[in-house]
Structure formats: C-alpha cells, structure tokens
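S.K.: Below are the structure tokens for one structure; questions will follow.
The values are calculated or read from the model by the stated rules, or taken from the named source; none is laboratory data. Because the structure is a prediction, the values reported are computed rather than measured. Note: areas computed on protein heavy atoms with side chains; ligands, DNA, RNA excluded. Shrake-Rupley method; radii C 1.70, N 1.55, O 1.52, S 1.80 Å.
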Amino acid sequence: MIWSLIVGALIGLIAGAITKKGSSMGWIANILAGLVGSFVGQALLGTWGPSLAGMALIPSIVGAVIVVVVVSFVLSKMN
C-alpha cells in the first residue's frame, strides 16, 4: 500500500510538471491526482506499457494530466 502511495505521488508529480500546475499542489494532492489519474488513465487507455505497483505508468500519467487539468479548470471557475 505504501508503494502504491509513493508511485501515485510520483505520477501526480509528473502530471503537475507537465501541466505546470505542480508547484501549487501539495503532496496529498499529488498522491490523489496520481491515484485517481491512474484509475482514469487505465479505464480509458488500458493497462499497456511498464507497470509499477499495479499501475501502468503511461496511461496513469495521461490520466493524471487529465485529472489535474479538469480540477484546475473547475477550481479556477469557482474562484
């Protein structure tokens, strides 16, 4: 379980760096973005490519980017 949290944090960190919104996110947000993004990415794209802790990395990163962009858009509209 800890390994999944670490991999989720790394996926969220990569997604934040790709979208340029990683500096405004904390570690908990990175972990959540990575875990939710992993679920979304694997649901949309399947489980191909290299895997760590049961998460396919490439679909997970794509899913995390989608999650970060959508959440940032929603939060900007709320403010």
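S.K.: Heavy atoms only, 1.4 Å probe, whole protein assembly: order MET1, MET25 by accessible area, highest first. Can you show the working numbers first?
M.R.: Details: MET1 185, MET25 40 Å².
Descending accessible area places them as MET1, MET25.
S.K.: Moving to a separate point now. What number, in percent, do you get for the relative contact order of the chain if the mean sequence gap of Cα pairs under 8 Å and at least 6 apart is divided by its residue count? Display every interim value, and only then the final one.
M.R.: On the way: 129 pairs, mean separation 25.5, N = 79.
Relative contact order for the chain comes out at 32 percent.
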